[in-house]
Amino acid sequence: DGLSAREAARLLGIHERTVRRAIRDGDLAATKQGGSFHISAAALERYREWRARPVRPRAGTEPHALPASPTSFIGREQGVAEVVALLRRDDVRLVTLTGPGGTGKTRLALRVAAKCAAGFADGVAFVPLASVHQAELVVPTISQVLGVRETEDQPPEVRLLSFLRDRALLLVLDNLEQIPGAAPALGDLLSACPRLTILATSRAPLRLAGERVFPVPPLALPPRRETVGGARELPPLEELASTEAIQLFVA
């Protein structure tokens, strides 16, 4: 005869709606008799084991998949090397790239992440947060990018902590400046997940314990030259074309 959805939920310690959703999604085998679901003991045990397995990212959201840059990376090689060196230190688990909008914080973070990926056993995950403006949506957004399953019997924070607890992952969080209230949740992640490292971009520091702040200045332009009469003029075109800011603009 088998168990009803309500009996299965009671045995698993979860909500009945979670059981019905698992049946609907094909994660839990069940037969329907007289308008009710019936679940065999063997099917329930397989589902219990399935729930206990580590969650894997959904197809197409693998942590190693960083966004492609529309142009080649230009300049800031010294800055890249400095941030990479920071992230490779065992005592550094949070680096925040700061600076005004448009200075290239995201491009720098992506370049650094690509160079660091091989050093993290579970890879790199890029989480864009420009469209997020509420602190309570940060954790669900991270979970969505990582492919963490939603359940009704556990809060999103618990599921995300369970996913990240034993993973050696570099989490790149882009555009955090408009969510100042997100810092406590990120601090909780770092405290509970000893192998997690965060690379963040923000116009201002997050002000969390252990944070290393790396200011990202605008790319420099060559200075104007003064003529004999005191007027200021631009350098020759060849010199302008060799500067990083102009090269990026042309690209």
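What follows is calculated from the coordinates using simple rules that are stated; it is not laboratory data. Just so we're clear, the structure is a prediction, and the values are computed from it rather than from any experiment. Counting neighbours? That spans all protein chains shown, and the Cβs are built from the backbone with ideal geometry, glycine included.
Values computed for the structure shown
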read-out	value
Under the Karplus curve 6.51 cos²θ - 1.76 cosθ + 1.60, θ = phi - 60°, whole-Hz ³J(HN,Hα) for the stretch 100-105, x wherever Gly or Pro sits	x, x, x, 7, x, 5
Sites ALA121 and ARG17, calculated FRET efficiency, Cβ-Cβ separation with R0 41 Å, nearest 0.05	0.70
FRET E, pair ARG207, ALA130, Förster distance 22 Å, beta-carbon r, rounded to 0.05	0.60
Local net charge near GLU157, Cβ-Cβ under 11 Å (Lys/Arg +1, Asp/Glu -1)	-1
Pairwise FRET efficiency - GLU233 versus GLU77, Cβ, R0 = 45 Å, nearest 0.05	0.90
Loop sites in the stretch 86-180: GluC sites (Glu not before Pro), DSSP, at most 12 other Cβ within 10 Å	GLU150, GLU152
